[in-house]
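Let me begin by presenting the structure, written as structure tokens, before commenting on it.
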Amino acid sequence: MDFKKDIQNSLTYLLKSGIILYPTDTIWGIGCDATNEDAIQKIYRLKKRQEKKSLIILVDDEKMIHEYVSHPSPKILSIIDAASRPTTAIFSNAKNLPSKLVNEDGTIAIRITKDNFCRQLIQQLQKPLVSTSANISGEMFPANFGEVSEEIKNGVDYTVQHRQNDFSKSAPSSIIKLNENDEIQFLR
């Protein structure tokens, strides 16, 4: 299957409140339209994850961050823009997102993806994507598609074909936030 067909198939399911298994700029993820509460609930059920644990969202550029965060910190924006490896940032004052996706303290974890597949999918969806590791909560994350469990593969509505044969080992993103002293703190 070609790249464009994979994008189209993913969009078909995402637009119908579906969830997908897809490659990201880090590890394989389970994703959905980040503005669709029903789809987000499906991910929580599949992962057997507590709803108190918020999820990461992917955007295609800094402009999209401003649509989902009130007054994002310029300090954090400059760090994630300059980062050489995928970096997820915790932003305060989330907006325009379902409450199930936002942490109890009003924060949201966002990463600007540099992966071409993810960028094109987000651009065509015109919304951010949920990106959570493709594993049951508490289990090890899969370093490549071959390590994704059958339970996860069978629990999604669509599995992207792109990069399934890439067996290189991937790792999750770094995670940063500003602490109470306005200093960058590395959480992972």
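A simple spin-label model places pseudo-atoms 7 Å from Cα toward Cβ; at Glu147 and Asp81 they are separated by 3.4 nm. For Lys47, a cut-off of 18 angstrom between C-alpha atoms picks up these lysines, skipping any fewer than 8 places away in its own chain: Lys100, Lys153.
Can you check how the C-alpha radius of gyration of the chain compares to 2.2 N^0.38 Å, as a plain ratio? Write out the running numbers ahead of the final one.
Values: Rg = 15.5 Å, N = 188, 2.2 N^0.38 = 16.1 Å.
So the Cα radius of gyration is 0.96 times the expected 2.2 N^0.38 Å.
Taking Leu21, Leu55, Leu97 in turn, the Gaussian network model of the chain (Cα-Cα springs below 10 Å) assigns the largest fluctuation to Leu97. Bridge orientation summary for the range 48-188: considering DSSP beta bridges with both residues in this region, about 60 percent are antiparallel.
For the range 52-188, the solvent-accessible area works out to 51 Å² per residue, with a probe of 1.4 Å and every protein chain left in place. Backbone amide hydrogens, once placed in the peptide plane, bring Thr88 within less than 5 Å of Ser174, Ile175, Ile176, excluding anything fewer than 5 places away on its chain.
Going 7 Å from the Cα of Asp105 in the Cα-to-Cβ direction, what parts of the range 47-78 have a backbone nitrogen less than 14 Å from that spot? The answer is 53-54, whose backbone nitrogens lie closer than 14 Å to the label point. Across all Cα pairs in the range 31-106, the calculated P(r) in 5 Å bins from zero up to the longest distance comes to 3, 14, 25, 25, 17, 11, 5, 0 percent per bin.
Within the accessible area of the range 63-188, the carbon and sulfur atoms contribute 46%, probe 1.4 Å, all protein chains present.
The values are calculated or read from the model by the stated rules, or taken from the named source; none is laboratory data. Here the structure is a predicted model, which means the values were calculated and not measured. Positions of Cβ are generated from backbone atoms using ideal geometry, with glycine treated the same way; all protein chains shown enter the neighbour counts. Areas reflect the complete protein model, heavy atoms only, side chains present, ligands, DNA and RNA absent. Shrake-Rupley method; radii C 1.70, N 1.55, O 1.52, S 1.80 Å.
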